[in-house]
Every structure is written in structure tokens, then in C-alpha cells.
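First up is the structure itself, then whatever we jot down about it.
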Amino acid sequence: MKAARSRDVLAPALREVDAVVFDTDGVITDSAKVHAAAWKTAFDTFLTEHPPKDPAQRRPFDPGDDYLRHVDGKSRLDGAAAFLASRGLDPTAAAVRAVAADKESLFVERLREHAVDAYPGTVRLVHALRSAGVSVAAASASRHARELLTGAGVSNLFEVLVDGGEATRLGLAGKPRPDLFLEAARRLGVPPARAAVVEDALAGVEAGRRGGFALVVGVDRAAGPDTRPRLLRHGADIVVPDLGELLDEGVRR
């Protein structure tokens, strides 16, 4: 009964689930902006060297809109291919590998220069979930997920981590397919119908919906004029600007 009573600290939407699977970048760690900055440099360089035929398609990569639409939540190769195609460029294997490799190099360089922290609201929510007897996992298309969680000092909070390296080893499809989240739930021993997914990416909330999860939470860090409606359209049941909002009012204070 202790765990059942302690669930009162959670928002009602989370009180009926037995597990929560969190995306990492932009949900647990403040690293999405580092990814976006690295992608911008890589894509802008590629567009300069290989300009699309249509002048309107030569505009620089937008780390807000383009990142959310084409890259966020996806593997490097899938994100590179999606953006190049959106600008009318042929996403050949060579082109995709080249821009993805450039992005990877830039991202690693930025990680060396800038520390990445965990969001305080997310940390508070994870502690509350664990105290309530709710299992927690992290899942990410990034191969850097473990490094980021460790650097932010929160890797020990998650019972399971399924990252980009594991996805490749197991042959898991990328988002918007739900494979990453389903594997994390499987490792926790909880069926999707009893679990929640927390995501900030459009492809991620769509993956949660496709996976049959009981609850899909969208995190709207950008708080733009249409970011919340987009997350809802792609599959989020609820959208919050910060995960601290999913705690009881008294706990948030």
C-alpha cells in the first residue's frame, strides 16, 4: 500500500501506469540544442557545396523548425536523409553518410566544450516515479545517450537504457517506428498498455502512439506558436512545457 499511496504525488495521468520510458535529448538532458547546432553547421555546409536547383530551397537549416520536422528523435542517417529530401536533394547513401559524419564530428567537439545538464523537473519526476514503485527507462536513437546521462549525473536513475548502439545491434527500426520504446518496456517487464512514453520529438510521440502505449506525454521545450498542436497531432495525449508539471502541486513547490 505504501507505493499506491505515494502515487498521489504524481499527476492523475501517471497514476495508473507501471512504467515510464523517457527519451533522452530534450527530455532528460538539455542536449537537443547541441544536436541542433551541430546539424545546422553540417547541413549549411552541405547546402553551400551542393546547392539545390530551386533557389528557395537553398535557405539555411532552421535549428527550430527544420530540426523538429526532419531530424529530432531520428537516427543520424534517417535525419540526414529526411532533411536532404526536403530540400529536393537526392539522399544518396554517400551524401547521407557524409553529412551525418560531419554532424557527428561537430557534436562530439561541442560536447567537449560544453557541459550538458539534466532538466531539474525531469529529475524530480523520475525520483517521484521511483518512490511510487513505477519503473523507469531511457531510450534514444543517439549513440551518445549513456555518455550524456552519465555526464549529467543521472544514469543511475534509470533501470534500463536502450540507445543507438543497442538499436543497431538488435536491428531496431528508428522512430516513428516504436521499436526503441517497445524494447525498453520489454526489458522492464511491463506491457505497453501499462506504460507511458515521454518525448519531445514529433517522430517520438508518433512512435509512442504506434506502439500502443497507455499514455504519450509530449514535452514542449520550444513553446512556439504551433509546437504544442504539432505534438498533439502526431500522437501526444498531453503536452507540458516541463516534466515538473506532472507532479502534484505541493511537490512542485
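The values are calculated or read from the model by the stated rules, or taken from the named source; none is laboratory data. Since we're looking at a predicted model, the values are computed, not measured. Reconstructed Cβ throughout: ideal geometry from the backbone, glycine too, with neighbour counts over all protein chains shown.
Would a scan of the stretch 103-110 turn up a residue that is of a type in the set (Lys, Arg) and surrounded by fewer than 19 Cβ atoms within 10 Å (Cβ to Cβ)? Within the stretch 103-110, one or more residues are of a type in the set (Lys, Arg) and surrounded by fewer than 19 Cβ atoms within 10 Å (Cβ to Cβ).
Per-residue answers, yes or no, for (1) out of contact with any strand residue (DSSP E or B) (no Cβ under 6 Å at 6 or more places or on another chain); (2) part of a helix (DSSP H, G or I); (3) more than 21 Å from Arg228 (Cα to Cα); (4) assigned by TED's automatic domain parsing to the domain that holds Leu89:
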| position | (1), (2), (3), (4) |
| --- | --- |
| Val17 | no, no, yes, no |
| Val21 | no, no, no, no |
| Phe43 | yes, yes, yes, yes |
| Leu47 | yes, yes, yes, yes |
| Gln57 | yes, yes, yes, yes |
| Asp62 | yes, no, no, yes |
| Arg69 | yes, yes, no, yes |
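Restricting the stretch 127-150 to residues that are in contact (Cβ under 8 Å) with a residue 60 or more places away in the chain and more than 17 Å from the chain's Cα centre (by Cα) leaves a set whose member that is nearest to Val17 (Cα to Cα) is Val134. Applying the set (1) surrounded by 20 or more Cβ atoms within 10 Å (Cβ to Cβ); (2) farther than 20 Å from Ala32 by Cα; (3) not polar (S, T, N, Q) to Gly171 leaves exactly one unmet item: (1).
Each row is one residue, and each column tells you yes or no for (1) crowded, with 23+ Cβ neighbours inside 10 Å; (2) under 26 Å from Glu245 (Cβ atoms); (3) not aliphatic (A, V, I, L, M).
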{"position": "Val27", "(1), (2), (3)": "yes, yes, no"}
{"position": "Lys33", "(1), (2), (3)": "no, yes, yes"}
{"position": "Pro52", "(1), (2), (3)": "no, no, yes"}
{"position": "Ala82", "(1), (2), (3)": "no, no, no"}
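Arg143 satisfies every condition listed in (1) touching a strand residue (DSSP E or B) at 6+ places or on another chain (Cβ under 9 Å); (2) at pLDDT below 95 except (1). Residue-level check: of (1) basic (Lys, Arg); (2) free of Cβ contacts under 8 Å to residues at least 40 places away in the same chain; (3) touching a helix residue (DSSP H, G or I) at 6+ places or on another chain (Cβ under 8 Å), Lys175 misses just (2).
Answer with yes or no whether Arg87 is among the basic types (Lys, Arg) and at pLDDT 95 or above. Here the answer is yes, as Arg87 does meet what is asked. Criterion first (modelled with pLDDT under 95, touching a Gly at 6+ places or on another chain (Cβ under 9 Å), surrounded by fewer than 16 Cβ atoms within 10 Å (Cβ to Cβ) and not in a loop (DSSP other than H, G, I, E, B)) does Ala3 satisfy it? Here the answer is yes, as Ala3 does meet what is asked.
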